[in-house]
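Peer 1: For reference, the structure I am asking about is given below.
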Amino acid sequence: MTSEITLFVNPTAGRGRGAHAAQPAASALREAGFSVRTVLGEDADDALRRAREAVDGGTGALIAVGGDGMMSLALQAVAGTMTPLGVIAVGTGNDFARALGLPIRDPAAAGRLAAEALKGGAIRDIDLGRVGDRWFGSVLASGFDSRVNDRGNRMRWVGGRFKYDLAILAELAAFRTIPYRIRLDGGPVQEIEATLIAVGNGSTYGGGMRICADAVMDDGLFDVTVVGDCSRTTLLKVFPRVYRGTHLDHPAVTVHRVSSIELAAASVTAYADGEPLGALPLTATCVPGAVRVLAR
């Protein structure tokens, strides 16, 4: 393992926490004897190009500093390679780090953990989801939750968490179930009415909402949570239980464990790791051991 590693930084993550987090993380890695090179980008495409150049150049690890969007970008660079991914989680959601049990908003501790994992060989192979040429680590969302994201992204006049609270209220006012066509593991096409369908490699999205509460990141399977045809009143009762994961016991909720799923529905955008993935239809496949992560 080369002693030179790459710090992949999003300076705007968590309302500026990314820039502040890079220094203590880098200090922890340097104190452990590593040579640290920092990679920034003018935009997402430029940052990804630079990260891939570092991976192709033989960096000992790619250490991503930021939120789930930055982790998603880093996954595109390291998935399918031998280069391990380190996580300095300082964003808003941090669901990828949460699923791995890594420090959140403590860049010095996360940097020390990454250094110890590199020195001690504590590298864990985990699964990733794949849609076309895009990889995701946590959850692919479609339906009510993705429509909340769509609406929130259009609300340029308000920021922060309040924007998404407003988006939820607006979507509840316009609430309707969605006719889906799904195919699980290449089986027969099923036509169902659902409120949302979440495809989980990891267990949480939205900063700790345990939508796929029992998902395991190295079992070779997705946990697919289907919230079925329900009323607005039922949704209001079920949705708060997502934070504890107890929604899975509700009669309107079904869970499937599959290695692939085809999803189709009109006028629905999918989001993966909180980032827009594109309109349905799509096919998501769980790829076992697709990425190496620096973990406990």
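Peer 1: For the chain, what is the accessible area per residue in Å² when the probe is 1.4 Å?
Peer 2: About 43 Å² of surface per residue is accessible.
Peer 1: Suppose R0 equals 51 Å; then what is the FRET efficiency for Thr233 and Gln23 from their Cβ-Cβ distance, rounded to the nearest 0.05?
Peer 2: Taking R0 as 51 Å, the efficiency between Thr233 and Gln23 is 0.55.
Peer 1: Then there's this: Nearest 20 debye, what's the magnitude of the dipole of the chain about its Cα centre given +1 on Lys and Arg Cβ and -1 on Asp and Glu Cβ?
Peer 2: Rounded to the nearest 20 debye, it is 740 debye.
Peer 1: Once phi is turned into θ = phi - 60°, what whole-Hz ³J(HN,Hα) does the Karplus curve with 6.51, -1.76 and 1.60 give for every residue of segment 81-92, x standing for Gly and Pro?
Peer 2: The phi angles translate into 10, 8, 6, x, 9, x, 10, 10, 8, 9, x, 8 Hz.
Peer 1: Looking only at the chain, where both bridge partners belong to it, what percent of the DSSP beta bridges are antiparallel (to the nearest 5)?
Peer 2: 75
Peer 1: Only one of the values (i) 130; (ii) 117; (iii) 150 was calculated from this structure for volume of the Cα convex hull per residue in Å³; name its label.
Peer 2: (ii)
Peer 1: In addition: What percent does the relative contact order of the chain come to when contacts are Cα pairs within less than 8 Å and at least six residues apart?
Peer 2: 20
Peer 1: Efficiency by 1/(1 + (r/R0)^6): what FRET value for Asp125 and Glu4, r their Cβ-Cβ distance, R0 = 22 Å, to the nearest 0.05?
Peer 2: Working from the Cβ atoms, E equals 0.45.
Peer 1: Could I ask something else about it? How high is the relative contact order of segment 23-140, given as a whole-number percent (alpha carbon pairs under 8 Å, six or more residues apart)?
Peer 2: 25
Peer 1: Turning to a different aspect of this structure: Have a look at Val189, Gly67, Val255 and report the one farthest towards the positive end of the charge dipole of the chain, computed about the Cα centre with Cβ charges (Lys/Arg +1, Asp/Glu -1).
Peer 2: Of the listed residues, the answer is Gly67.
Peer 1: Same structure, new question: Figure the gain on full extension for Gln190 and Arg49 (residue separation times 0.36 nm, minus the Cα-Cα span) and round it to one decimal in nm.
Peer 2: Extra length available between Gln190 and Arg49 comes to 46.8 nm.
Peer 1: Which percent of the accessible area of the chain is formed by carbon and sulfur heavy atoms (probe 1.4 angstrom)?
Peer 2: Summing carbon and sulfur atoms, their accessible area is 49 percent of the total for the chain.
Peer 1: Rank His256, His20 by accessible area, highest first, at a 1.4 Å probe radius?
Peer 2: His20, His256
Peer 1: State the extension gain, in nm to one decimal, for the chain segment bounded by Ala174 and Glu31, taking 0.36 nm per residue of separation less the distance between their alpha-carbons.
Peer 2: Net length gain for the segment: 46.1 nm.
The values are calculated or read from the model by the stated rules, or taken from the named source; none is laboratory data. Values in this document were obtained by computation on a predicted structure and should not be read as measured data. All Cβ positions, glycine included, derive from the backbone under ideal geometry; neighbour counts span all protein chains shown. Protein only, heavy atoms only, side chains kept; ligands, DNA and RNA dropped before computing areas. Shrake-Rupley method; radii C 1.70, N 1.55, O 1.52, S 1.80 Å.
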